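Beneath this line is the structure, given in structure tokens, with notes to follow.
The values are calculated or read from the model by the stated rules, or taken from the named source; none is laboratory data. The model shown is predicted, which means the values in this text are computed figures rather than measured ones. No Cβ is skipped: glycine too gets one built from the backbone with ideal geometry, and neighbour counts run over all protein chains shown. Note: areas computed on protein heavy atoms with side chains; ligands, DNA, RNA excluded. Shrake-Rupley method; radii C 1.70, N 1.55, O 1.52, S 1.80 Å.
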Amino acid sequence: MKRRSFISRLWPQTLVGQLVLLILGAVVLTHVVLGLLLAEERRDALLSERRGGALARVAAISRILAATPSENWRDVLKVGQSPQSIMRLVDNPDNSLPMSDISYTLSERLNQALDGPAVPARVHILSEDDCHAVEEREKKNRKKHHDDDDGGKDRDRGKDWRKENGYYRQGHVGPRFFDHLDCVAAPLMQISVPIFPVGMTADGGADGAGTAASASGAAQPVVWLEARINGVAPPPRVVLQNILRITISAILIGFIAFFLARRMTRSWAVLAQAADRVGRGDYPEPVPENGPIEIRRAAKAFNRMTARLKRFVEDRTQMLAAISHDLRTPITSLRLRAEFVEDAENRSRIIETLNEMEQMVEAAMTFAREETANEATRKIDIAALIEAAVEDLAETGRPIRFLGDGEPRVYPCRPLSIKRALGNLISNALTFGDQVEVLLKPADDGGIWIEVSDDGPGIPSDQRDQVFEPFFRLESSRNRETGGIGLGLAIARTAIRAHGGEIYLEDAPSGGLLARIYLPPIAH
């Protein structure tokens, strides 16, 4: 339950927020799904590209060595060195390294690039364990080489090249080429390429004519180019870049979605405000019929409904006013005829009944005039309005007081209509109660509560709905002389409902009647 309420608090309540969140959720989910689907393909493609680039680089260096005099091989190797590509020349390659399926595949690619040498080149993929084994052998060779140098003669590494069979080659394994062996970055790629210099004969000698090397099986390379390539491990999944890419996309699409959704829902906001005003009895100007076609249709239907409702209310009110006006003529005629009745008692009762009918007609005409007055809605301090009305009654000695917090309550309404409704309730309470209290307080939803309580006899709960009917009176507790003609509560409820509110009758704490007026919050 707590988890559901937490999620509901995070969920946006506005249509704009929900549309933006829906679009952003779709964008993020699409990025995540596509990222997962393409991650492995991307890594395989990058890895293949790296390995292919390394093979092409080694093949190019081997061709340059084959076409370059041996005394310049050292310079070629210096040019070919890089932090990722470490190269050297050896007499015999390391044949102890294992061959895997990928090793055979890469070896085939390399030999195709070399146009099928007499002695095939080999490519090995070194795992971390293989790398450590090679590293141990390199250390032993380096130590042995160092001991040989100490026991013999002190030579400069730059002159550690000698001429054998007409070719300059390295005298021993140069540890300087493999000092950057990093097994943590395994797997590594070790490549061994045979070098057949231009002019080499089938038996390994050199002819002065500079002919190409024999491709017979007896031909042996003069030297082997051994290269070790770092950085051929599968690339990382680049989580940070993916997050950054998703964030930038979400921000851009969020801005676009916000403005588009705001534009589409602006007409809904205008329509909601107009509907709220109609619910309060205020008929605004027709709502602009613009925006998407669905909103235009809704606005058009709303304008038609408002016009029909306004015409219906006006027709019924005018009919009531006309009937009430027309009844005055026969009532006057009956009053004149009653004067000629000889029986004094019957004449008095007839005139009394006619007076009561005239009062009812006058009340109905007053009610109709209030409905057709169409008072303008304006913002007022409703707390000041209520307090002033209570103070006017209190100054006349009536037992009434106002209870409020002193805070101003600005509320858009029709002031005369609210004042008349409140006056009817207060008058009703003063008639049947010895002490009346009027309380103003805010509602939980942002609306307003106005409470009028008295200590009178109250109203039975089964008759509280009937007292709002026109011309209904409680004869048992509120007689004809003190109770009026039964239109006060009907007029009050009509006025309050015209503002979108309601009147509730309850038992007061003091034992009398509590009339509660609710005015709803203003829609923005």
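For this structure, a couple of remarks:
- For residue 472 and residue 444, a Förster radius of 35 Å and the Cβ-Cβ distance give a FRET efficiency of 0.60, rounded to the nearest 0.05.
- Spin-label pair residue 381-residue 260: with each label point 7 Å from Cα along the Cα-Cβ axis, the two points sit 4.9 nm from one another.
- Environment charge at residue 391 (Cβ cut-off 15 Å; Lys +1, Arg +1, Asp -1, Glu -1): -2
- Nearest-0.05 FRET efficiency for residue 129 and residue 220, computed from C-beta distance (R0 25 Å): 0.20
- Ranked order, 342, 506 - accessible area, probe 1.4 Å, largest first: 342, 506
- Once you reduce region 242-261 and region 330-363 to the center of their Cα atoms, the two points are 81 Å from each other.
- Accessible area per residue was computed with a 1.4 Å probe on protein heavy atoms; residue 33 scores about 70 Å².
- Order of exposure, largest accessible area first, which applies to 48, 461 with probe 1.4 Å: 461, 48
- Approximating the spin labels as points 7 Å out from Cα along Cα→Cβ, the residue 64-to-residue 388 distance works out to 9.8 nm.
- Backbone N within region 98-130 under 18 Å of label point (7 Å from residue 43 Cα along the Cβ vector): 102, 126-128
- The label point for residue 275 and the one for residue 91, both projected 7 Å from the Cα toward the Cβ, are 9.6 nm apart.
- Cβ-derived FRET efficiency at R0 22 Å, residue 253 paired with residue 9, nearest 0.05: 0.35
- Accessible surface area normalised per residue over region 239-308 is 68 Å², counting heavy atoms of protein chains with a 1.4 Å rolling probe.
- Solvent-accessible area assigned to carbon and sulfur over region 1-141 amounts to 60 percent, based on a 1.4 Å probe.
- Order of exposure, largest accessible area first, which applies to 347, 277, 263, 464 with probe 1.4 Å: 263, 277, 347, 464
- Region 48-78 and region 80-113: distance between their alpha carbon centers, rounded to Å: 12 Å
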